[in-house]
């Protein structure tokens, strides 16, 4: 199963998910880590073409997190 699909499923099934995006200039590596304290998913690359894909995927994850938070806040006020 691909990394993005596993991350999205983890995000949808758990309320506590952390996402870390880290770039190490000295090594030229970009690393994205998604964890829910049970499963830790890590993707590391040094390819320039993957940077755009990771950036796009990271923004998609952030949108999913915000949408989930707004839904849970709306349910709490009802």
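One table, with the values for the structure above:
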| quantity | calculated |
| --- | --- |
| Residue count for the stretch 38-56, restricted to those that are at pLDDT 85 or above and touching a strand residue (DSSP E or B) at 6+ places or on another chain (Cβ under 8 Å) | 9 |
| Of all residues making up the stretch 1-20, the number that are modelled with pLDDT under 85 and not in a helix (DSSP H, G or I) | 5 |
| Selection count, the stretch 21-65, where residues are under 15 Å from residue 11 (Cβ atoms) and assigned to a strand (DSSP E or B) | 8 |
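The values are calculated or read from the model by the stated rules, or taken from the named source; none is laboratory data. Remember, predicted model here, so these are calculated numbers, not experimental data. Ideal geometry is used to build each Cβ from the backbone, glycine not excepted, and the neighbour counts take in all protein chains shown.
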